[in-house]
Amino acid sequence: MDLLNKIGMVSFIFTVIALILLIPKEPFSQVVFLISYSLQIYIFYKTKQWFLIFQMSVLSCFAIFTYFKWTLGG
């Protein structure tokens with residue numbers, strides 16, 4: 001298994017963990033999503049998939065917004 005496949009597998013595991021943490025509306029789930037998105041951005045950068053990098057960047061912004069909304073009670 002090459003490096004990008006291993007990183008992809010780790011990213012998938014982080015995504016599943018984050019989705020499980022969403023059930024009780026746990027703010028830490030957004031941090032786990034950010035890790036997953038960062039790994040995916042790296043993979044997409046290495047494979048030159050620019051639109052997917054943009055997509056993960058937008059999702060990262062939403063995760064940051066949601067984290068602060070949940071932690072600050074906004």
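In table form, for the structure just shown:
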| item | result |
| --- | --- |
| Gain on full stretching of the segment that runs from residue 68 to residue 47 - 0.36 nm per residue minus C-alpha separation | 4.4 nm |
| Taking the convex hull of Cα positions in the chain, its mean projected area over all directions (nm²) | 4.8 |
| Length-normalised contact order for the stretch 3-72 - Cα pairs under 8 Å, 6+ apart - percent | 33 |
| Potential extension, residue 19-residue 31 segment - 0.36 nm per residue separation minus Cα distance | 3.2 nm |
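Since every read-out is calculated from the coordinates, none of them should be taken as a lab result. Here the structure is a predicted model, which is why all the values come from computation and not from measurement.
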